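First the structure, in the form of structure tokens, and then the observations on it.
The values are calculated or read from the model by the stated rules, or taken from the named source; none is laboratory data. As the structure is a prediction and not an experimental result, all values here were calculated from the model. Every residue, glycine among them, receives a Cβ derived from its backbone with ideal geometry; neighbour counts consider all protein chains shown. All accessible areas refer to the heavy atoms of the entire protein, side chains included, with ligands and DNA or RNA removed. Shrake-Rupley method; radii C 1.70, N 1.55, O 1.52, S 1.80 Å.
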Amino acid sequence: MLPITQATIAICFSSFAFHSVHLIHTTIRNQSFEEYADILVVNQTTTKQFGHGPSKSSSIIGDTHVTSIMPNRSFVPWREENNNPLPCIIDLQEGPDFNPLGHVISNQPSNEGLLFVKIEKAASTTISSVAARIAHALAHRVDANVTRPEDGLKVSKICKTRLSHLWSKRTEKLSKRDKDKSFLWTFLKDPTKRLLSIYFFFIIDLKKNHYSEEHLIEWLRYETARNPGGQLREIADRLHEVNLTDFSDEEIDLYIQKTIDNMNFIGLVERMNESLVLLQLMLDLHPSDVAIVASSKMAGDYMIFDADKKAGCQRLGYKRDIFPGVQNFLKSDEWKQLTKIEYMLYDAVNRSIDQTIETVIGRDRFDTALKKFEEVQHQVTEHCSGKIVLDCTANGTIIPLKKRSKCYKKGGIGCGHECLDEIYPLE
């Protein structure tokens, strides 16, 4: 077995643009916590009607930490807290064939529009497909059509949106966006499950490292030490400037509170249907707007990976048995400490989803919407089953481009949307 080193991990990650985070973060150790009060102090004027702001409790959160602050917020539908129209921004200055989902455009920073923070291995391709569908659906409802001069055909424009891995990293401060013209949202995944997905997909299958109990445990230690905030670093301002492990649990919870207050919505992969329904209600969408059709990067499938196309079809991220030693490590106090900060965020979002359902949407209304969504999702799955043709067959043979289903964007985003249109056309 090859020993794993920091240099080895750096090489593994350097091949991918969306892993372009600094392996050695700038650490500020000798400055007081109060110097960051502008980003850590919770806005005390947040409307109490919807339950924003931390609540007090002495209970243990997910067996990870004890704190007197329990970060939470209620996510509020756009029309209930904003007098402005939904942030479907149409760029009529560009030509009729301009595509805001194009690779170059979608990687650029933005402070307005439909802004999805795409987090690696958090069902990111699946949720990006939903984000693309929403951008098309909302544009259709505002009749965002332009006439193409060369043939007189009407072309449907698309709402300005961001759904790549890079745009949020290039945006200086998400909290400084135009909040009257933007809807900022994301999905999180259970931290342990996400790290295991990253390990098997990138470190083992893509980089062809040898999987062993010792290799995985050492990588988990390295990765959590390198990035103690995990998914929190994807959605919070200025985290590259601070070392969260220097702060107390209560101080971190204040940081988490400030961060989730800045988001219009956060869903959880482990509560996928509930989260999609809440997203639907946040933007006054149709159930079919958030239905899942297909993803070309389902763990264990053969696929052509964008950053390694020359390799052809590869089977990436398929499940392995977890060695007993790894299972014990993932139950250990050491692992709880290594992932504590990220689970503090995850638990806060979990509470926020519950609070939103109970205090903003209402249980009866939510249950009705969930039932309707699940009926629509079942119809979509039944209708489109076997019809979506991706880039590789089940046994790893490349499928010619002309025979593949159309996608909204390269990278498997929105593949098979035409099948969804057959039973739920945009209206």
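Quick check for me: using +1 on Lys/Arg Cβ and -1 on Asp/Glu Cβ, what's the dipole size of the range 325-427 about its Cα centre, in debye to the nearest 20?
Values: 15 positive and 16 negative charges, 102 e Å.
My answer is approximately 500 debye.
Shape of the range 152-276 from its Cα gyration tensor (a ≥ b ≥ c, root eigenvalues): rounded if a/c is under 1.5, otherwise prolate when a/b > b/c, or oblate? Oblate, since a/c reaches 1.5 and b/c is not below a/b.
In the neighborhood of H378, defined by Cβ-to-Cβ distances under 12 Å, what is the net charge if each Lys or Arg adds +1 and each Asp or Glu adds -1?
On the way: positive: K371, K372; negative: E374, E375, E382.
Cβ neighbours under 12 Å give a net charge of -1.
Could you state, as a whole-number percent, how many of the C-alpha pairs of the range 345-424 are farther apart than 14 Å? The proportion of pairs with Cα distances above 14 Å equals 73 percent. Near F187, the amide H atoms lying under 5 Å from its own belong to I119, G267; only residues 5 or more places off or on other chains count, and H is placed 1.01 Å from N.
Rounded, prolate or oblate: which fits the range 346-391, taking a ≥ b ≥ c as square roots of the Cα gyration tensor eigenvalues, rounded meaning a/c under 1.5, else prolate when a/b beats b/c?
On the way: a/c = 6.06, a/b = 1.90, b/c = 3.19.
Oblate is the answer for the range 346-391, as a/c is 1.5 or above yet b/c matches or exceeds a/b.
The range 187-248 gives an Rg/Rh value of 1.02, both radii derived from C-alpha positions and Rh following Kirkwood. Sorting Y424, Y302, Y408 on solvent-accessible area from highest to lowest, probe radius 1.4 Å, gives Y302, Y424, Y408. The HN-Hα couplings worked out from phi for the range 179-193 by the Karplus form 6.51 cos²θ - 1.76 cosθ + 1.60 (θ = phi - 60°) are 6, 7, 10, 8, 10, 9, 8, 7, 10, 10, 10, 3, x, 5, 4 Hz, whole numbers, x standing for Gly and Pro. Given +1 at the Cβ of Lys and Arg, -1 at the Cβ of Asp and Glu and no other charges, the dipole of the range 164-264 around its Cα centre is 620 debye to the nearest 20. Rolled with a 1.4 Å probe across the full set of protein chains, the surface gives T125 an accessible area near 10 Å².
Listed values for the range 213-218 are Karplus-derived 3J(HN,Hα) couplings in whole Hz (6.51 cos²θ - 1.76 cosθ + 1.60, θ = phi - 60°), namely 4, 5, 4, 5, 4, 5, and x replaces Gly and Pro.
Heavy atoms only, probe 1.4 Å: what % of the accessible area of the range 248-345 goes to carbon and sulfur, would you let me know? Carbon with sulfur: 48 percent of the solvent-accessible area.
Sorted by accessible area with a 1.4 angstrom probe, largest first, how do K387, K176 fall? Don't jump to the answer; show the numbers that get you there.
On the way: K387 100, K176 145 Å².
My answer, sorted largest first, is K176, K387.
Computed with every protein chain present, the accessible area of V293 is close to 40 Å² [probe 1.4 Å]. Using heavy atoms of the protein chains and a probe of 1.4 Å, the accessible area assigned to E374 is about 80 Å². Remark: the range 226-379 carries a charge dipole of roughly 720 debye about the Cα centre, counting +1 on each Lys and Arg Cβ and -1 on each Asp and Glu Cβ.
With Cβ to Cβ distances under 10 Å as the rule, what net charge do the other residues near R73 carry (K, R +1; D, E -1)?
Details: positive: R351; negative: D261.
With Lys, Arg at +1 and Asp, Glu at -1, the neighbours total 0.
When the Cα gyration tensor is reduced to axis lengths a ≥ b ≥ c, the ratio a/c is 1.5 or higher for the range 284-387, and with a/b not above b/c it is classed as oblate.
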